Amino acid sequence: MKEIPKYLDVAVVGAGPAGSAVASELARRGHRVGLFERDRFPRDKVCGEFLSPESMDCLRRLGCYDAFRAHQPPAIECVRLTAASGVETTLALAATARGLSRRRLDSMLFDLATRRGALAIDGIDVRRLEPVDARHIRLHLRRHVDGVEHNHRLTARLVVAAHGRRSHLDRTLQRPSFHDHSPFVAFKRHHRLLRGGTCPPLDGLVELHAFDGGYCGVSFVEDDIVNVCTMFDRRLLRSEQAASPARPFELIARQNPALARRLKTLEPCDTETLAVAPISLASREVTCDRILYVGDAAAMIAPLAGDGQAMALESGLRLARLIDHSFPAPPVGPWTSTFHRHYRRRLQLARCLQHTLIRPLPADLGLRLLRRLPRIGEALLQWTRSPAVETIGTTYRN
C-alpha cells in the first residue's frame, strides 16, 4: 500500500486523460504531485473512444505516443453521418484519427504519471476539500485495503479537479453547475462484428447515426472490438422500462434504419453495459480559489464533435504549464482566460450542431446540404477541433 504524504505541491483529483496529463507534466517539471483516482485500474468509462488527429500531437508531447501505438489502435479516416429519414453522407477527416478503449488509454496515462514521478494511487476517494488558510487546501481521502477502511488527510498548495462530468465533490464544493438539469443519458457497450449483412464496411470509419432526441457513435477500437456509444433524451426510456442491458440499444435501433442495420451486424462482448446520467453540456466554473478545473470537470464538449479526449489532453498540458510558471500562486486569471480563449467557441459550436442533429427535420436538411457541399462539413469538423498546440511547450521524449 502506497504511503500518503502529509504535504504535496499539487493534488490532482481524477486520473482520466486530463488529470493524468497534468500530473505527468508537473511531475516531470519537478513538482511534488499526487494523482488520486476513485476507481481501480484497469477500468472502463462511458466514452466514444475516438481519438481525433489532434490527440496524436498531445500524446507525442506527453512522450507516450509509442506506447499508444503499441496497442495497435485502428485508423479512422472518415465520418459517416446518417439521419432517421435515411439520408446519409460521408466526410473525410483532415488527418488520421484512432480508436482506443478508455480501459487501455487511461491505464497507459496513469502508468506514465507514475513513471514521471507522480504519486499515483487508484482505488482512493477524495471525499472533501477544505481551505486551511489562504495558501493551502486540505484533502480528506478514503480507501479500502483488504476490506479495511483507511482515512487520510493531506495538505496541498493547489488542487486540480479532473474528476469528470459529475462528482460528489461538486456538491460538497457547492458548485452552481452541480444543479444544472439535463435530459440526456448515455450508454456504452463493446461488440464484435459479424461479417456480412447489408451494411457498408466499418473499417476506417466512425459512424454517427442521428435520431429524434439523440445520436449513436459506432467505431472500431483495439482487438477488432466495436464500440457503440449513444446519448439521447431520457424521454425515450419513460414509456418502457430498461429491464435489460440491451434495452437502450433496442430502443435507439427503432429510431434510425441505418443504425438498426448496423446493430444487426454486431454481437455484444462479454462486458457490461455502462451508463451515465445526467449529461450536462452547460457552462461551468473553471476556477474556485486554489482549485482549478480541467477536462470534463471544467466543460464537456458535445460528444458528436469527437474532440472530447483531445480537449482533455490539451487542456491538461496547458494547465500544467501555467501552474509551473506561477507556482506557488494559483494561475486563476491566466487559466480562466486561457480556457475561454481556446475552448469557448468550440463548445458553443458543438452545442449548436448537436441541437441540429437531434431534431429530425434539421438533421435531414443539414445532411442533404453536406452531400451537395462537403466542404462545409469539412470546415465544421475543423472548427470543432483543437488548434495546433505548439504554444503548449516543448515535446518530451523518452
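The values are calculated or read from the model by the stated rules, or taken from the named source; none is laboratory data. These numbers come from a predicted model, not from an experiment. Using ideal geometry, Cβ is built from the backbone for each residue, glycine included, and neighbour counts are taken over all protein chains shown.
Has segment 198-211 got any residue that is over 23 Å from residue 361 (Cβ atoms), among the charged types (D, E, K, R) and modelled with pLDDT of 95 or more? The answer is no; no qualifying residue exists.
When segment 89-126 is limited to residues that are surrounded by fewer than 20 Cβ atoms within 10 Å (Cβ to Cβ), over 22 Å from the mean Cα position of the chain (by Cα) and touching a residue at least 40 places away in the same chain (Cβ under 8 Å), the one that is farthest from residue 42 (Cα to Cα) turns out to be 89. Contact annotation: residue pairs with Cβ atoms under 7 Å, 6 or more positions apart or on different chains, pairing a residue in segment 193-220 that is under 16 Å from residue 46 (Cβ atoms) and small (Gly, Ala, Ser) with a partner that is surrounded by fewer than 17 Cβ atoms within 10 Å (Cβ to Cβ) and modelled with pLDDT under 95, are 214/233.
In the set 26, 59, 35, only one residue is assigned to a helix (DSSP H, G or I) and more than 27 Å from residue 96 (Cβ to Cβ); that residue is 26.
Results for (1) at negative phi; (2) surrounded by fewer than 22 Cβ atoms within 10 Å (Cβ to Cβ), shown as yes or no for each residue.
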| residue | (1), (2) |
| --- | --- |
| 174 | no, yes |
| 187 | yes, no |
| 199 | yes, yes |
| 202 | yes, yes |
| 210 | yes, no |
| 217 | yes, no |
| 223 | no, yes |
| 230 | yes, no |
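Residues in segment 98-147 that are at pLDDT 95 or above and on the phi > 0 side of the Ramachandran plot: 2 in all. What are the residues in segment 47-69 that are among the aliphatic types (A, V, I, L, M) and crowded, with 22+ Cβ neighbours inside 10 Å, if any? Within segment 47-69, 51, 59, 62 meet the criteria. Based on this model, can you work out whether residue 169 counts as buried (at least 20 other Cβ atoms within 10 Å of the Cβ), assigned to a strand (DSSP E or B) and not hydroxyl-bearing (Ser, Thr, Tyr)? In short, no. The residues listed here are 263, 292; of these, the one that is more than 26 Å from residue 106 (Cβ to Cβ), in contact with a helix residue (DSSP H, G or I) (Cβ under 8 Å, 6 or more places away or on another chain) and not in a loop (DSSP other than H, G, I, E, B) is 263.
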